[in-house]
Amino acid sequence: MKLLYFAWLRTKIGIAEEQIDLPPEVRDVGALLRWLQGRGAGFAEALKDLSVVRVAVNQDYVKFDHKLRPGDEVALFPPVTGG
Amino acid sequence: MIRVQREDFDIGAEIAALTAGRHAIGGIASFIGLVRDVAGDTTVGAMTLEHYPGMTETKLAEIEAEAHRRWRLDASLIIHRYGRLEPGDRIVLVLTAAAHREAALASCGFLIDWLKTQAPFWKLEETGSGDRWVAARDADEDAARRWRDEQGQ
């Protein structure tokens, strides 16, 4: 699975993207976020308040109960501020 | 039409290109977003716009298609820039063209309101006390929500 991080999630985590193999117990977006929180200080800091984290799977917005598949592109980012 | 680009755009040239040969168009509405040099009481020296290539284009195209579904439009254009921009620089252009003003003006307002809450862009401001990410505004979410239950014409 490809993971992408944008804006302050990228700067806090320290990388823009990575390729990961999901543990079998991680089946949806919510479980992915909880699993990522345990991967180090940068992840814990970036993901401490999930109310300001938005998630897109395959470039479309999803909710935290969205089911994940192995080839998904998952992006984590703050609420958008374009225009 | 959708364009996501680093370069500036020429408003007159874009309007001319959008309307060339289309003489059913009776009016064009435009929104041009500019970089401001203040945010609250802080002076902003510049800002850098980051985006999610691929999803940005997809979301802008969806928003544009929704405007065409709600209003009878002859043409439309959204240009959004990314990269480092300075105060006074143009960030975004929305053009909508229709037979009559109501559809052009309303759909232009809809597009910029929805774009602000749907298109994956983020702004990093350079200030005297360091760089800071711009937080999303509740007012923008409220402006977008206003259109949820409204239909076009």
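Scanning segment B:38-63 for residues that are in a loop (DSSP other than H, G, I, E, B) and surrounded by fewer than 14 Cβ atoms within 10 Å (Cβ to Cβ), which turns out farthest from the other protein chains (Cβ to nearest Cβ)? So the residue we want is B:Asp41.
Per the listing B:Trp71, B:Trp122, B:Trp133, the residue uniquely within 10 Å of another protein chain (Cβ to nearest Cβ), of a type in the set (Phe, Trp, Tyr) and either crowded, with 21+ Cβ neighbours inside 10 Å or within 18 Å of B:Arg6 (Cβ to Cβ) (or both) is B:Trp122.
Filtering A:Val80, A:Val26 for residues that are within 14 Å of chain B (Cβ to nearest Cβ), in contact with a helix residue (DSSP H, G or I) (Cβ under 7 Å, 6 or more places away or on another chain), of a type in the set (Val, Ile, Thr) and in a loop (DSSP other than H, G, I, E, B) leaves a single hit, A:Val80.
Please tell me if B:Leu18 is more than 22 Å from A:Ala56 (Cβ to Cβ), surrounded by fewer than 17 Cβ atoms within 10 Å (Cβ to Cβ) and among the hydrophobic types (A, V, I, L, M, F, W, C). It is false that B:Leu18 is more than 22 Å from A:Ala56 (Cβ to Cβ), surrounded by fewer than 17 Cβ atoms within 10 Å (Cβ to Cβ) and among the hydrophobic types (A, V, I, L, M, F, W, C). Within the set B:Ala99, B:Ala103, B:Ala75, the sole residue that is at negative phi and under 16 Å from the mean Cα position of the chain (by Cα) turns out to be B:Ala75. For first residues located in segment B:1-27 and farther than 23 Å from B:Ala65 by Cβ, partners that are among the small types (Gly, Ala, Ser) and lie 6+ apart or on another chain with Cβ distances below 6 Å form the pairs B:Arg6/B:Gly83. Test B:Ala103 against the criterion of being in a helix (DSSP H, G or I) and in contact with a helix residue (DSSP H, G or I) (Cβ under 8 Å, 6 or more places away or on another chain), and give yes or no. Spelling it out, it is not the case that B:Ala103 is in a helix (DSSP H, G or I) and in contact with a helix residue (DSSP H, G or I) (Cβ under 8 Å, 6 or more places away or on another chain).
Each reported figure results from applying straightforward, stated rules to the coordinates on display, with no laboratory input. Small disclaimer: the values here were computed from a predicted structure and weren't measured. Here the Cβ is made from the backbone with ideal geometry for all residues, glycine too, and neighbour counts use every protein chain on show.
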